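Colleague: My structure is below; once you've seen it, I'll send some questions.
The values are calculated or read from the model by the stated rules, or taken from the named source; none is laboratory data. Because the structure is a prediction, the values reported are computed rather than measured. Every residue, glycine as well, gets a Cβ built from its backbone with ideal geometry; the counts of neighbours run over all protein chains shown.
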Amino acid sequence: MVTPPDSITMDTQGSNVVLQDLKLRQINCELNPLTRSDGSALFTQGGTCVLTSMLGPVEVKSQNLNIEKAHVECIYRPKAGIPTIEDKLTETVIRDTCESALLTMLHPRTAIFIQIQELDDRCGIEACAINGACLALLIGGVPMKFTIAAVHCIVDKDDKVVLDPDHCEAIGKRASFVFVFDSLDKNLVTVHTSGRFRMGQFNDAECMSRAASQIIFNFYRRIISNFHNKSLLTADSKARNTEVESVVKSEQMDI
Amino acid sequence: MTEIVLPGDRICAAEELARSKKVILGPGLRRENEQVIACKPGRLHHKEPNTYWVDNHQQRYVPVKGEAVIGVVTAKAGDIYRVDIGAHDQASLSYLAFESATKKNRPDVNPGDILYGRLIVASRDLEPELVCVNSSGKKGKLGVLMDGFVMNCSLNLARLILRENCPLLRELTKEMPFEIAVGLNGRIWIKAKSQRETIALGNAILAAENASYEEMPKICENIGNILFS
């Protein structure tokens, strides 16, 4: 009775993208590793790993108070040291992306906090952080319009578009893209690019990412189903940990 | 009727039913023009004849009018007490909202006290407001909770315990005598004869989160056996 999101539709006209090429690195996730936040997720894509947590709706500072909608704030912590200017940019991108997915007008005069701790960056940390943040928001149960999936893409040194590369493939990259899609019609929510590329390459990358985002949406659905079929919020930490393990094991994904 | 929905999923069954009669949409669902769309992830439930809702594992309490909650008095400010109920904002509680309280006869409530109250105002634009009396001015089960122990649990567990057909409390009473107050904001107050029994009770309740109705009597029996053997 629930209509799943539209199946993968790909416009392959004028591009040399082959469907079989769509491979993302292995995705893994552990839900609620943190006990005191309202929702948290340990999310890995290949070697890239982030720990995300969310808090909200909670009390808001008076300078951020908005009578129309909730104030959304994102805190991004790099693996070591204090956040740099670049991290601040990432933070803003994640914040704006998440805000567009959240139904902030349902909780006016409150704040929703998203914390992201980078654990390991083997390329594609921004996409990984957005996906992790989306999972944390889902677990936290704040109302959302749709789910979001971010896919990382690069133009490598041979001028080829590569989907979700690892750090070895990304050496000498000419450009990198992060595309974020919504789960309704796979519309673009966010694009973040850097480097030099041709318009054709951009279109190829977008096309591939759009098709690949379905993998992430399927993953969300599976992990949320598992979560609700077997809740992990047990008080007994021993039982909890073994359960988490089994869930994580069953969540191994070969695409 | 148990399937998992994610935000953005359309609920076609509810839309179809809406063509012939009125449909009630519970938490987690909203209407956009003619479409019914889920806005929270969780299990979709349907209750005959026409109610739909999504059951999700939210941790943070969002006040709802008419719900009974457990709060901690944080401050006394003029005519009102400020009560922390775990929501985004502190609730206010008038000192006249107690049984037989008058302007001269103030209730004895101090910061740090635990209260069991009912929300009478819970709008997204207004501060939540608590009362400790029912509509006829009697305190009923509401009011200050003396002694005992308060523990936090998930909102899901609080709702589960209060469900009519849940056997947990019925089974626990067979093992030992105790008092309990369950707030829908995910706080449970328990008072048993000894600390040992309180801890055992707390563990039994928290362990029930993942148990099915059939397993609950077993958990309770186990706790009883450990305690009194």
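Colleague: Quick check on B:GLU99: is it outside the structural domain of B:ILE219 (by TED's automatic domain parsing), of a type outside the set (Lys, Arg) and touching an Asp or Glu at 6+ places or on another chain (Cβ under 7 Å)?
Modeller: On the way: outside the structural domain of B:ILE219 (by TED's automatic domain parsing): yes; of a type outside the set (Lys, Arg): yes; touching an Asp or Glu at 6+ places or on another chain (Cβ under 7 Å): no.
Judged against the criteria, B:GLU99 is not a match.
Colleague: So A:VAL161 clears everything in (1) more than 15 Å from the chain's Cα centre (by Cα); (2) more than 14 Å from chain B (Cβ to nearest Cβ); (3) surrounded by fewer than 19 Cβ atoms within 10 Å (Cβ to Cβ) except one condition, right? Which one?
Modeller: (3)
Colleague: Looking at segment B:1-26, which of its residues are out of contact with any Cys (no Cβ under 6 Å at 6 or more places or on another chain), within 18 Å of A:PHE227 (Cβ to Cβ) and either facing chain A (nearest Cβ under 7 Å) or buried (at least 16 other Cβ atoms within 10 Å of the Cβ) (or both)?
Modeller: Here is the first cut: in segment B:1-26, the ones out of contact with any Cys (no Cβ under 6 Å at 6 or more places or on another chain) are B:1-6, B:8-26.
Subset that is within 18 Å of A:PHE227 (Cβ to Cβ): B:2-6, B:8-9.
Residues satisfying the conditions are B:GLU3, B:ILE4, B:VAL5, B:LEU6, B:GLY8, B:ASP9.
Colleague: Then there is this: May I ask you to list pairs of residues, at least six apart or on different chains, whose Cβ atoms are under 6 Å apart, with the first in segment B:126-137 being in the same structural domain as B:SER92 (by TED's automatic domain parsing) and of a type in the set (A, V, I, L, M, F, W, C) and the second being part of a loop (DSSP other than H, G, I, E, B) and surrounded by fewer than 20 Cβ atoms within 10 Å (Cβ to Cβ)?
Modeller: Listed pairs, sorted by first residue: B:VAL133/B:GLU99; B:VAL133/B:LYS139.
Colleague: Let me ask something else about it. Criterion first (farther than 25 Å from B:VAL54 by Cβ and surrounded by 17 or more Cβ atoms within 10 Å (Cβ to Cβ)) does B:GLY224 satisfy it? Please lay out each step first, then the result.
Modeller: On the way: farther than 25 Å from B:VAL54 by Cβ: yes; surrounded by 17 or more Cβ atoms within 10 Å (Cβ to Cβ): yes.
Against the criterion (farther than 25 Å from B:VAL54 by Cβ and surrounded by 17 or more Cβ atoms within 10 Å (Cβ to Cβ)), B:GLY224 qualifies.
Colleague: Right, here's the next one. Can you tell me which residue among B:ARG106, B:ARG82 is in a loop (DSSP other than H, G, I, E, B) and of a type in the set (Lys, Arg)?
Modeller: On the way: B:ARG82 fails: in a loop (DSSP other than H, G, I, E, B).
Result: B:ARG106 is the single residue among B:ARG106, B:ARG82 that is in a loop (DSSP other than H, G, I, E, B) and of a type in the set (Lys, Arg).
Colleague: If the requirement is being within 14 Å of chain A (Cβ to nearest Cβ) and either at pLDDT below 90 or farther than 28 Å from A:ILE148 by Cα (or both), which of these qualifies: B:GLY66, B:GLY86? Give the derivation first.
Modeller: Details: B:GLY66 fails: within 14 Å of chain A (Cβ to nearest Cβ).
Exactly one residue qualifies, and that residue is B:GLY86.
Colleague: Any residue in segment B:68-81 that is in contact (Cβ under 8 Å) with a residue 40 or more places away in the chain, surrounded by 15 or more Cβ atoms within 10 Å (Cβ to Cβ) and closer than 30 Å to B:ALA14 by Cα? Before you say what the answer is, go through the steps one by one.
Modeller: We begin by selecting, within segment B:68-81, every residue in contact (Cβ under 8 Å) with a residue 40 or more places away in the chain; these are B:68-73.
Now restrict to residues that are surrounded by 15 or more Cβ atoms within 10 Å (Cβ to Cβ): B:68-73.
Those left that are additionally closer than 30 Å to B:ALA14 by Cα: B:68.
Yes, segment B:68-81 contains a residue that is in contact (Cβ under 8 Å) with a residue 40 or more places away in the chain, surrounded by 15 or more Cβ atoms within 10 Å (Cβ to Cβ) and closer than 30 Å to B:ALA14 by Cα.
Colleague: Only one of A:GLU126, A:GLU91, A:GLU86 is charged (D, E, K, R), more than 22 Å from B:HIS57 (Cα to Cα) and touching a residue at least 40 places away in the same chain (Cβ under 8 Å); which?
Modeller: None of the other options fit; the residue is A:GLU126.
Colleague: Go through segment A:206-220 and give me each residue that's more than 11 Å from A:PHE181 (Cβ to Cβ) and more than 14 Å from every other protein chain (Cβ to nearest Cβ).
Modeller: Of the residues in segment A:206-220, the ones more than 11 Å from A:PHE181 (Cβ to Cβ) are A:207-208, A:215, A:218-220.
Once the filter is applied, which keeps residues that are more than 11 Å from A:PHE181 (Cβ to Cβ) and more than 14 Å from every other protein chain (Cβ to nearest Cβ), segment A:206-220 yields A:CYS207, A:MET208, A:ILE215.
Colleague: If you don't mind, another one. Does segment A:59-75 contain any residue that is away from every other protein chain (no Cβ under 14 Å), closer than 25 Å to A:PRO165 by Cα and at pLDDT 95 or above?
Modeller: Checked against the condition, which is being away from every other protein chain (no Cβ under 14 Å), closer than 25 Å to A:PRO165 by Cα and at pLDDT 95 or above, segment A:59-75 yields no hits at all.
Colleague: Moving on to the next point. Can you run down the residue pairs with Cβ atoms below 6 Å, 6 or more apart or on separate chains, where the first is in segment B:174-202 and closer than 27 Å to A:ASP38 by Cα and touching a residue at least 24 places away in the same chain (Cβ under 8 Å) and the partner is among the small types (Gly, Ala, Ser) and assigned to a helix (DSSP H, G or I)?
Modeller: Qualifying pairs under 6 Å: B:VAL182/B:ALA158; B:LEU184/B:ALA158; B:GLY186/B:ALA158.
Colleague: Do we find a residue being more than 21 Å from A:ASP182 (Cα to Cα) and either within 11 Å of chain B (Cβ to nearest Cβ) or within 13 Å of the chain's Cα centre (by Cα) (or both) anywhere in segment A:120-143?
Modeller: No, segment A:120-143 contains no residue that is more than 21 Å from A:ASP182 (Cα to Cα) and either within 11 Å of chain B (Cβ to nearest Cβ) or within 13 Å of the chain's Cα centre (by Cα) (or both).
Colleague: Of all residues in segment B:158-198 being among the β-branched types (Val, Ile, Thr) and within 30 Å of A:VAL58 (Cα to Cα), which is farthest from the chain's Cα centre (by Cα)?
Modeller: B:ILE190
Colleague: Within segment A:164-193, how many residues are more than 14 Å from every other protein chain (Cβ to nearest Cβ), over 16 Å from A:MET208 (Cβ atoms) and in contact with a Lys or Arg (Cβ under 8 Å, 6 or more places away or on another chain)?
Modeller: Adding up the residues that qualify gives 5.
Colleague: So, one more: Does B:LEU44 fit the bill of being within 13 Å of another protein chain (Cβ to nearest Cβ) and closer than 19 Å to A:HIS228 by Cα?
Modeller: Numbers: within 13 Å of another protein chain (Cβ to nearest Cβ): yes; closer than 19 Å to A:HIS228 by Cα: yes.
When the stated conditions are applied, B:LEU44 passes them.
Colleague: Sticking with this one: May I ask you to verify whether A:LEU106 is in contact with an Asp or Glu (Cβ under 6 Å, 6 or more places away or on another chain), over 18 Å from A:VAL189 (Cβ atoms) and within 14 Å of chain B (Cβ to nearest Cβ)? Before you say what the answer is, go through the steps one by one.
Modeller: Working: in contact with an Asp or Glu (Cβ under 6 Å, 6 or more places away or on another chain): no; over 18 Å from A:VAL189 (Cβ atoms): yes; within 14 Å of chain B (Cβ to nearest Cβ): yes.
So A:LEU106 fails the test.
Colleague: Which helices (runs of 4 or more DSSP H) does segment B:122-223 wholly contain that include 1 or more residues that are farther than 25 Å from B:GLY66 by Cβ and away from chain A (no Cβ under 13 Å)?
Modeller: On the way: elements: B:155-162, B:168-175, B:195-207.
Answer list for segment B:122-223: B:168-175, B:195-207.
Colleague: Tally up the residues in segment A:139-149 that are aliphatic (A, V, I, L, M), over 11 Å from A:CYS98 (Cα atoms) and not in a loop (DSSP other than H, G, I, E, B), please. Can you show your working first?
Modeller: So in segment A:139-149, the residues aliphatic (A, V, I, L, M) come out as A:139, A:142, A:144, A:148-149.
Okay, now just the ones that are also over 11 Å from A:CYS98 (Cα atoms), so A:139, A:142.
Then keep just the ones that are not in a loop (DSSP other than H, G, I, E, B); that gives A:139.
Adding up the residues that qualify gives 1.
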